[in-house]
Amino acid sequence: MDRHFNGFLVIDKPEGISSHQVVQTIRHQLKIRKAGHLGTLDPMATGVLPLAIGGATRLIKFLMGGRKVYQGTIKLGFSTDTYDRLGKPSSKFLKSSFSQDQFHQVIDSMKGNQLQSPPPFSAKKISGQRAYKLARKGLKVILPPQKIFVYKFQAWTEKSQTIEFEIHCSPGTYIRSIAHELGQSLGCGGHLSRLRRIVSGKFSLNMASDLNRLTKLGDWQKYILSINSMLQEIPEVSVSKQLETSFVHGRSLEITASSLPQSSSILIRVLSDSGDFLGLAEKGTPIKSLGEQNQLIVPLQPKIVL
């Protein structure tokens, strides 16, 4: 695949399909062999679903972090076994009865560092099996709590049984669990009824394209976000044609220390002399050259080469 087709696409995922189905649609409709998503969204959820295509699939791990931002709705009155509106009720209906002070106290208690139990119906594995497969069989599923961080949790009740919210949180946070725990804390049960992701790390809704529209466009390539644009925090070095050939064949480069940006980063983005992304390299221990100039030479060992 030409380097022009290595990069990222941001899809505004519609409701009712899985993240895997979005990837399969992109592969089939756009005739892309390599594609993968950077963090799943439940079928009920909509919004930002970043995809890596071509060689960018090898860089997914460098972009999986970053803050997530969600907006949505929680329905109070009863819990469900999946913690969302697609599940079966798991508690009797109880009309909510709490003061605004109680409500804000509960919301505040759910900010900051938290230990969160993932939903039984999740993709977490127990002894090699997906939790949701065990839950569907009626087996009791207990998953160990995970450390998460909630940076911001704004919520307001327009009606006594409905909570609208916006949450800024760390990767790995289950909003369904937050809805479930909130309902328990308020003493009436609750479940997630709507969820939309508007930010996922460096990817936001203003970068996203409608899935159906994108797959019908003849010029969909213009929506590709370059690898360089998504890895700007990693310092870069441009290399000559000769060094480019060595690098793409997996050979270590020797670069003068003065040619490298001053940075504590071990990783370096290696670019061609025309600015194309060639891959990532790791800095080795600087050594003194044997020449008359006695310069410091930094070895760059290829880590990922496109």
Inset, instruction - Considering only segment 230-273, give the strands (runs of 3 or more DSSP E) lying wholly within it that have at least 3 residues that are of a type in the set (A, V, I, L, M). - result: 267-271
Inset, instruction - Considering only segment 164-200, state which residues are of a type in the set (S, T, N, Q) and either over 20 Å from S19 (Cα atoms) or in a strand (DSSP E or B) (or both). - result: Q184, S185, S193, S200
Inset, instruction - Inspect all residues belonging to segment 273-292 and state whether any of them is at pLDDT below 90, buried (at least 16 other Cβ atoms within 10 Å of the Cβ) and under 30 Å from L51 (Cβ atoms). - result: no
Legend entry - Looking only at segment 249-272, and only at residues there that are over 28 Å from V10 (Cβ atoms) and either β-branched (V, I, T) or touching an Asp or Glu at 6+ places or on another chain (Cβ under 6 Å) (or both), the one that is modelled with the highest pLDDT: I266
Inset, instruction - Please go through segment 64-89 and pick out each residue that is free of Cβ contacts under 8 Å to residues at least 60 places away in the same chain and out of contact with any helix residue (DSSP H, G or I) (no Cβ under 9 Å at 6 or more places or on another chain). - result: L86, K88, P89
Legend entry - Search result, residues across segment 3-30 that are hydrophobic (A, V, I, L, M, F, W, C) and surrounded by 19 or more Cβ atoms within 10 Å (Cβ to Cβ): F8, L9, V10, I11, V22, V23, I26
Legend entry - Count of segment 67-118 residues which are surrounded by fewer than 15 Cβ atoms within 10 Å (Cβ to Cβ) and either at positive phi or not assigned by TED's automatic domain parsing to the domain that holds K147 (or both): 1
Inset, instruction - Determine whether segment 201-210 contains at least one residue that is assigned to a loop (DSSP other than H, G, I, E, B) and in contact with a helix residue (DSSP H, G or I) (Cβ under 8 Å, 6 or more places away or on another chain). - result: yes
Legend entry - Pairs, first in the same structural domain as F247 (by TED's automatic domain parsing) and free of Cβ contacts under 8 Å to residues at least 24 places away in the same chain in segment 258-275, second outside any helix (DSSP H, G or I) and among the aliphatic types (A, V, I, L, M), C-beta under 8 Å, six or more apart: S259/V237
Inset, instruction - Quick one: which strands (runs of 3 or more DSSP E) lie wholly within segment 1-104 and hold at least 1 residues that are in contact with a Cys (Cβ under 7 Å, 6 or more places away or on another chain)? - result: 68-76
Inset, instruction - For segment 233-250, enumerate the residues that are farther than 14 Å from D276 by Cα and either loosely packed, with under 11 Cβ neighbours inside 10 Å or within 31 Å of the chain's Cα centre (by Cα) (or both). - result: E233, I234, P235, Q242, H249, G250
Legend entry - All positions within segment 15-65 that are at pLDDT below 90 and small (G, A, S): G39, G65
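The values are calculated or read from the model by the stated rules, or taken from the named source; none is laboratory data. Source: prediction; values computed, not measured. Cβ coordinates were reconstructed from backbone atoms using ideal geometry, including for glycine residues, and neighbour counts include every protein chain displayed.
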